[in-house]
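J.: Structure in structure tokens, see below.
The values are calculated or read from the model by the stated rules, or taken from the named source; none is laboratory data. Keep in mind it's a predicted model, so treat the numbers as computed, not measured. Because the Cβ atoms are built from the backbone with ideal geometry, glycine has one as well, and the counts that use them run over all protein chains shown.
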Amino acid sequence: MAIKAVLCKNCPWRRNAPKAGEVGGSVPVSQSREHMLQVAHNITEGLRVMQCHKSSDRMPKPCAGFLSVVGYDSIGVRLGVAMGQLDPADVGKPIEGLYSSLPEMVREADHIDLGASCLGSD
């Protein structure tokens, strides 16, 4: 059965969410560029799907912001939909107020420039 995506109030994909290092932010400011490059690779070229920061490893729920913006560009998303684990209605679903790409989100929310080394460079 497909798991519905969750868009929480402090989702890093939201432009109005707290940024890294701010109270209520979902990503610690201590993350290095190298770490974020690895995370970006894992959720775009790898088999992983970004889960909501408020879900647990026991009960993971996909991040609606990630599914909306990155969508089928992620191998993990394509496989998740094909295997019935992700709801295709959540993929590419327009959600107002989100960053337009993974590099933009990481640059603005996490204060790290991924450059042209990652999917959806802008």
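J.: Do the conditions hold for Leu37, that is, is it touching a residue at least 60 places away in the same chain (Cβ under 8 Å) and buried (at least 19 other Cβ atoms within 10 Å of the Cβ)?
T.: No, not satisfied.
J.: So which residues in segment 8-34 are modelled with pLDDT under 75, buried (at least 18 other Cβ atoms within 10 Å of the Cβ) and not hydroxyl-bearing (Ser, Thr, Tyr), if there are any at all?
T.: Once the filter is applied, which keeps residues that are modelled with pLDDT under 75, buried (at least 18 other Cβ atoms within 10 Å of the Cβ) and not hydroxyl-bearing (Ser, Thr, Tyr), segment 8-34 yields only Val27.
The rows are residues; the columns are (1) of a type outside the set (Asp, Glu); (2) in contact with a helix residue (DSSP H, G or I) (Cβ under 9 Å, 6 or more places away or on another chain); (3) under 30 Å from Val23 (Cβ atoms).
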position	(1), (2), (3)
Leu67	yes, yes, yes
Val70	yes, yes, yes
Leu79	yes, no, no
Met83	yes, no, no
Asp87	no, yes, no
Gly92	yes, yes, no
Ile95	yes, yes, yes
Pro103	yes, yes, yes
Arg107	yes, no, yes
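J.: With the checklist (1) within 17 Å of Ile3 (Cβ to Cβ); (2) in a helix (DSSP H, G or I) in hand, flag the one item Met36 doesn't pass.
T.: (1)
J.: Do we find that Ala5 is touching a Lys or Arg at 6+ places or on another chain (Cβ under 8 Å), more than 19 Å from Asp87 (Cα to Cα) and modelled with pLDDT of 75 or more in this structure?
T.: Judged against the criteria, Ala5 is not a match.
J.: Mind listing just one residue for me: the one in segment 85-106 that is of a type in the set (D, E, K, R) and surrounded by fewer than 17 Cβ atoms within 10 Å (Cβ to Cβ) and, of those, farthest from Lys9 (Cα to Cα)?
T.: Here the residue is Lys93.
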